[in-house]
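Please treat every number below as a calculation from the coordinates, not as lab data. Computed from a predicted model, the values in this text were never measured in an experiment. Counting neighbours? That spans all protein chains shown, and the Cβs are built from the backbone with ideal geometry, glycine included.
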Amino acid sequence: MEVKKSTEDISKEFAGLVFEALKYFFKYKNKNFMPELVIIYRDGVSDSKKIEMLNVEVETIQKCFKALNAAYNPDFIFCTVNQTSGVRYFSMESEGSSNYRGGMRGGEQHMRLSNPPAGTYVYQYITNPDNYEFYLIPQYVSQGCAKPVKFHVLFNKSGIPYEWFIAITNAMCYNYFNWQGAIKVPGPCKYAKKMAEQIKRFTGLIPDEMLNETMHFL
């Protein structure tokens, strides 16, 4: 972990964090192998910064692979996460469905809009067909209006099918240890936010290196 020295959204030190994470992975696998697939979910950056992110962060991360080992060339996916999207979508429930809460009006079937089931995703019609992007609601929202999260794959050097990556992303939303179900974003995004908030609130300093191998921030 590092403390940013500037307020810029794009970080030139990001690749260094990836480098350290891969070193820890190699250590815990008894120095036998490196991951064949690296997926990075990048939160906290506006759409206007995506081109700069692609030219700076993605490029330096690919260089860090070679810095670990000249022959190391993993499949690599870099995906941005946008939690502030204004898009909303709903499911139409009719009488007899498990989520139906309506009734009959004047002898006619009453239809009702409700929040989509957990895991609902959309990658057509409301997305840019030129981009690899989709909207996902990983958790069921019982009160208020569900807000989908927008995922945009800026860089993809893998053979993973579209639907498989969406399934992986949805599964990662169940990997936050402080909650028994799904959260709104993939677990690593929440861990990063939790750690950053803890440091900002209490110390302002990078935790001791001995804590790097623990989840002390939970």
Given that just one value was derived from the coordinates, which of (1) 19.7, 73; (2) 20.5, 73; (3) 21.2, 70 is Rg and Dmax of the Cα atoms in Å?
(2)
Which value at 222 nm does the chain reach when only helices count, each DSSP H run of 4 or more adding -39,500 (n - 2.57), with the total divided by all residues and rounded to the nearest 500 deg cm²/dmol?
-8000 deg cm²/dmol
Report the net charge of residues surrounding Y123, where surrounding means a beta-carbon distance below 12 angstrom and charges are Lys +1, Arg +1, Asp -1, Glu -1.
-1
If one compares the long axis through the Cα atoms of helix 162-172 with the longest principal axis of the Cα atoms of the chain, the angle in degrees, nearest 10, works out at 80 degrees
For R42, which sequence-distant residues (separation of 5 or more, or a different chain) have an amide H within less than 5 Å of its own amide H, given hydrogens modelled in the peptide plane?
C79, T80, V81
If I build a Gaussian network model for the chain, linking alpha-carbon pairs within less than 10 angstrom, which residue out of N128, N82, N175 has the largest mean-square fluctuation?
N128
Helix 187-202 sits at what angle to the longest principal axis of the chain, using alpha carbons and giving 0 to 90 degrees rounded to 10?
70 degrees
The distance between the Cα centres of segment 143-218 and segment 52-94, in whole Å, is 13 Å
Taking other Cβ within 10 Å of each residue's Cβ, how do D9, D208 sort, fewest first?
D208, D9
